[in-house]
Amino acid sequence: MKLSDHINNENLPKHLAIIMDGNGRWAKQKGMMRAFGHENGAKSVRMAVETCAKLGIENLTLYAFSSENWNRPKLEVDMLMKLLMKSLKSELKTLQENNIKLNCIGNLDMLPKGTKRELEDAIEKTKNNSRMTLTLALSYGSREELTSAVKQIATKVKNNIIVIDEVDESIINQHLYTHNLPDVDLLIRTSGEHRISNFLLWQIAYAELYFTDVLWPDFKEEDLFQAIISYQKRERRFGKTSEQIK
Ligand code: IPE
Ligand code: IPE
Ligand code: MG
């Protein structure tokens, strides 16, 4: 029996998010530059996107560049932006063929003009695709997202567009970058780090967490299957008792 045969198609995460970590260490282990790790990480991105679409996962969100990653050496940041632009260009066809809609969360105004243009072009061209939504978190920071939501809501209260008593979880949700996405069901982080690194803090409130030591460029289809199988074995209680769930 293949590993994928153990996956129950009726119990897939509706929203899978991945912190793709370990490109630099992967390259270092091979005595190569960090850039080599990022280039090979792009292959794992393609695999993850195609596999999730094939499985029938409706929402995949990939942490590609954090607001804190701007503090890396300029050479690496420039390289990552170039790689992103190149990948967007070359993968657009795959997105179209697989009926995948591209979405983006983060402070896109921080991105170089060319990268931003390429991104907006791909988002526009794939906007009617419906099989899966692929969200790239780019220049993304959860605290920044929440701060921006607070500012927008405060402005609306000040201008009498909403009253304070109306502010509830749903209003907050509507002002996040992820307003059109469901909560995260499964969050995977590769490379052995057990932390969240400012990713989707609000949206992972009840996500199942899955950590693996595998470095992102080594992350293969089987690793993704393992994560989903682990997710499907868990009992999600959302505060209730086990008896209430059954
Ligand atoms: C993840 O790999 C990719 C990005 C953060 C852009 P890293 O570049 O963080 O790799 P490590 O963690 O240094 O190994
Ligand atoms: C998190 O990885 C961001 C992305 C994967 C894009 P980092 O490698 O930047 O995380 P920290 O700084 O080690 O926590
Ligand atoms: Mg890292």
Between ALA154 and GLU243, what is the spin-label point distance in nm, taking each point 7 Å from the Cα along the Cα→C-beta axis? 4.7
Keeping the other protein chains in place, figure out the carbon and sulfur percent of the accessible area of the chain, with a 1.4 Å probe. 51
Restricting things to alpha carbons, tell me how big the range 104-219 is in terms of Rg and Dmax, in Å. 16.6, 52
Extension reserve of the LEU92-ASP109 stretch, reckoned as 0.36 nm per residue once the Cα distance is removed: 4.0 nm
Under 8 Å for C-alpha pairs, at least 6 residues apart: give me the relative contact order for the range 27-136, rounded to a whole percent. 35
Residue-normalised accessible area of the chain, expressed per residue, 1.4 Å probe, Å²: 55
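Assuming R0 = 45 Å, can you tell me the calculated FRET efficiency for the pair ASN128 and GLU193, based on Cβ-Cβ distance, to the nearest 0.05?
0.75
Taking the mean number of other Cβ atoms within 10 Å as a proxy for protection, how do you rank 167-173, 104-110 from highest to lowest?
Packing order, densest peptide first, comes out as 104-110, 167-173.
Could you order the peptides 74-81, 204-211 from most to least packed, using the average number of other C-beta atoms within 10 Å per residue?
Top to bottom by mean Cβ count within 10 Å: 204-211, 74-81.
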Sorted by average packing, counted as other Cβ atoms within 10 angstrom per residue and highest first, what order do 123-135, 216-228 take? 216-228, 123-135
How much length is gained on full extension from ARG46 to GLU235, taking 0.36 nm per residue of separation minus their Cα-Cα distance? 65.0 nm
Which aspartates and glutamates, if any, have their Cα less than 13 Å from the Cα of LYS220, not counting same-chain residues under 8 positions apart? GLU50
Beyond 18 Å (Cα-Cα) in this structure, taken from LYS14/LYS233; LYS74/LYS113; LYS43/LYS127, we find LYS43/LYS127
Cα pair count fraction exceeding 30 Å, expressed as % - the chain: 28
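The values are calculated or read from the model by the stated rules, or taken from the named source; none is laboratory data. The structure displayed is predicted, hence computed values, not measured ones. Note that each Cβ is placed from the backbone with ideal geometry, even for glycine, and that neighbours are counted across all protein chains shown. Just so you know, the surface numbers come from the protein's heavy atoms only, side chains and all, with ligands and any DNA or RNA stripped out. Shrake-Rupley method; radii C 1.70, N 1.55, O 1.52, S 1.80 Å.
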